[in-house]
Structures are given as structure tokens and as C-alpha cells.
Protein chains: 2
Amino acid sequence: MKFNDKVPIYYQIKQYVYQEIILGHLKAGQKLPAIRQLAVTLTVNVNTIQRALSELTTEGIIITQRGKGNFVTSDTQLLQALKKRIVTEQFSELYDKMLALKITPAEMVQYLKNYIDQRKEVQHD
Amino acid sequence: MKFNDKVPIYYQIKQYVYQEIILGHLKAGQKLPAIRQLAVTLTVNVNTIQRALSELTTEGIIITQRGKGNFVTSDTQLLQALKKRIVTEQFSELYDKMLALKITPAEMVQYLKNYIDQRKEVQHD
DNA sequence: TATAGTGTAATAGAAAGCTAATACACTATT
DNA sequence: AATAGTGTATTAGCTTTCTATTACACTATA
């Protein structure tokens, strides 16, 4: 797994778990891989995994059962809210950055459309 | 100035300088405040300012004249390209994150519009 | 030429993040 | 009861970032 060296790894792992839940690769109540296994898979130290999972546990997204493993919460409401929260966060960040550059909301939409068109053109090559 | 503790301060200062240039608060050829002054203004150590400016110098955005000060480049082409680069970077990041969540380009546009509408509603309170 | 205002460099130390290694505690299964 | 598979905790050491401090070098000007 590729990590951005400007942001702590444990933080990026949290985001990765969010993503896996949102994509449905991890479902409500499902058991996560063992932390030692995750450490190998993500080529990261066990303590780093621990730190990410401990924050997810604090949020109630992950439930830890000592001796058994880590599980995605069964609180489906919480999981539904998660996707909205994560997606909104991204748009919020973008919006604030654009606003700081005095770019209006209407311009933001136009910039996004233009960017999408550019990507499409490139794909067609 | 508020810094995000998940990202190095020197990196955030770089972004800040980009912003000031894009907004026209710093114009081509203009002298920047002295580094000791910047350090006070941003409540940060001189060395941290140095690191940010040294990277900006490498990019050619800032020209350093020993004993005189730091100046925004007079290369207006470079400065024009800067805004496009910075703005595009933001949309690129957003696009990739949304794609990772299997959100389609059309949905991205809709999400952005919805977010903008939400912000407008809040402002009207 | 002295002085104030600039940038530059180097050193030391603190804090955060990450790794490595080890020991321990709980659970399930044999 | 023993063992294998879990999570938990602790310690030591490395690296990056940031701070603090000091010394130095160049430029402009009184």
C-alpha cells in the first residue's frame, strides 16, 4: 500500500478502513483481519495498526473483543452516516480551499466539470 | 495562523504563499516580508520559514537575493501557470478520492451542488 | 567605516510518528 | 491442561519536524 509521507500512516489507515466499509468490502458485524495480519498486508508495524484501530474504536466504528478480534460495528445507522460524513468532508475541504482563492461556488462547479472532461479526454487515448 | 497538525507546517506555509500570489496580494517582482518578520507573523521559527522558502526557490516561484530579501519571481508565465496548477491539484485529489469510493463523475458534480446548496442554507440563518 | 537589515548555516534538544522486539492477557480448541 | 490465535502494553531507538540559539555573510545607508 502506498502512503503519503505528508500525513501520518495511522491516519491514512483509518481512511482506508472507512473506504472499505463504504465500499461494502467490510460489512456490519464482520470480523477484520487480525492486527498482525493487517500489519503484514499493509507493510506497517503492529503498533501503527493499533493506533488506527484504537481511534476507530473510539468512534464506535470498530468493536474490539479481546482474544477474539476486531469487528465492524453492527450499528447500521452509524455505518450509513459514515459514508455521508466522509464524502461531505471531502467537499467541505475543497469548498474551503476554493473559497480561500476567491473562487465562487458557480466557478467550482465549472472547474469540476472541466476537470472531469479533461480526464475523459485522456482516457480516450 | 492556524495550522493543521496532520501536515508539516513548512508545507502549509508554502501553500499559504501560493495563495497570496494567486490572490494578487503578492505580485510579480514584489518583495516578501523579511524572514524574521514572517516568523513573527506566522508564530513559527525562522528555520521553518526558511524551509518553505527554500522549496519555493527551487520551484522558481521565489527568488532570493542575499542581504536584500526574497522576491516573487518576475516570470509572469510561471505565475499564471501557478493558479491553474494549484486549482487543478485540488480537483484532482477530490476526483481520485471520490473514484476510490466508486462515486461517478456525474455524482461528484451533484454532490458538489448539494454541498453548495447546504452551505447557502446555513448562511441564510 | 560603522551599523542596521537582510539571508545562511550549524548545533542542540524536544516532540511526534514509526519500527522492532518482547512479554503479557484473554479466547477457543484440542 | 496445553496450545494456537487473538488483542494489549512496554521499552528502546530511529527519523522527521520544529524550536531555540548563535554565529556568520552580504547589502544599503548614515
Matching option when the condition is of a type in the set (Val, Ile, Thr), within 12 Å of DNA strand D (Cβ to nearest atom) and open to solvent by less than 50 Å² (accessible area, probe 1.4 Å), among B:109, B:87, B:44: B:44
Hits in region A:1-41 (condition: within 9 Å of DNA strand D (Cβ to nearest atom) and within 14 Å of another protein chain (Cβ to nearest Cβ)): A:5, A:6
Number of the condition not met by residue B:53 [criteria: (1) of a type in the set (A, V, I, L, M); (2) within 29 Å of residue A:89 (Cα to Cα); (3) not in a loop (DSSP other than H, G, I, E, B)]: (2)
Meets criteria (closer than 27 Å to residue B:96 by Cα and open to solvent by 80 Å² or more (accessible area, probe 1.4 Å)) for residue A:17: no
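Scanning for something in a helix (DSSP H, G or I) and of a type outside the set (S, T, N, Q), does region B:62-77 turn up at least one residue? Give the derivation first.
Our first condition is that a residue be in a helix (DSSP H, G or I); within region B:62-77, this holds for B:76-77.
Subsequent filtering for residues that are of a type outside the set (S, T, N, Q) retains none.
No, every residue in region B:62-77 fails to be in a helix (DSSP H, G or I) and of a type outside the set (S, T, N, Q).
Residues checked against (1) under 17 Å from the mean Cα position of the chain (by Cα); (2) within 16 Å of DNA strand C (Cβ to nearest atom); (3) farther than 30 Å from residue A:84 by Cβ:
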position	(1), (2), (3)
B:53	yes, yes, yes
B:56	yes, yes, yes
B:65	no, yes, yes
B:74	no, no, yes
B:81	yes, no, yes
B:84	yes, no, yes
B:88	yes, no, no
B:94	yes, no, no
Pairs, first of a type in the set (Phe, Trp, Tyr) in region A:18-34, second open to solvent by less than 50 Å² (accessible area, probe 1.4 Å) and assigned to a helix (DSSP H, G or I), C-beta under 7 Å, six or more apart: A:18/A:82; A:18/A:86
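Residues A:116, A:49: which one is open to solvent by less than 70 Å² (accessible area, probe 1.4 Å) and assigned by TED's automatic domain parsing to the domain that holds residue A:15?
On the way: A:116 fails: assigned by TED's automatic domain parsing to the domain that holds residue A:15.
Going through A:116, A:49 in turn, just one is open to solvent by less than 70 Å² (accessible area, probe 1.4 Å) and assigned by TED's automatic domain parsing to the domain that holds residue A:15: A:49.
Being surrounded by 15 or more Cβ atoms within 10 Å (Cβ to Cβ), away from DNA strand D (no atom under 16 Å from the Cβ) and away from chain A (no Cβ under 14 Å) narrows it down to one residue among B:78, B:56, B:101; which is it? Write out each step before concluding.
Numbers: B:56 fails: away from DNA strand D (no atom under 16 Å from the Cβ); B:101 fails: away from chain A (no Cβ under 14 Å).
Exactly one of B:78, B:56, B:101 is surrounded by 15 or more Cβ atoms within 10 Å (Cβ to Cβ), away from DNA strand D (no atom under 16 Å from the Cβ) and away from chain A (no Cβ under 14 Å), namely B:78.
The values are calculated or read from the model by the stated rules, or taken from the named source; none is laboratory data. A quick note: this is a predicted structure, and the numbers were derived from the prediction, not measured. Glycine gets a Cβ as well: all are built from the backbone with ideal geometry, and neighbour counts include every protein chain shown. Ligands, DNA and RNA are stripped out before the accessible areas are found, and what is left, the full protein with its side chains, is counted by its heavy atoms. Shrake-Rupley method; radii C 1.70, N 1.55, O 1.52, S 1.80 Å.
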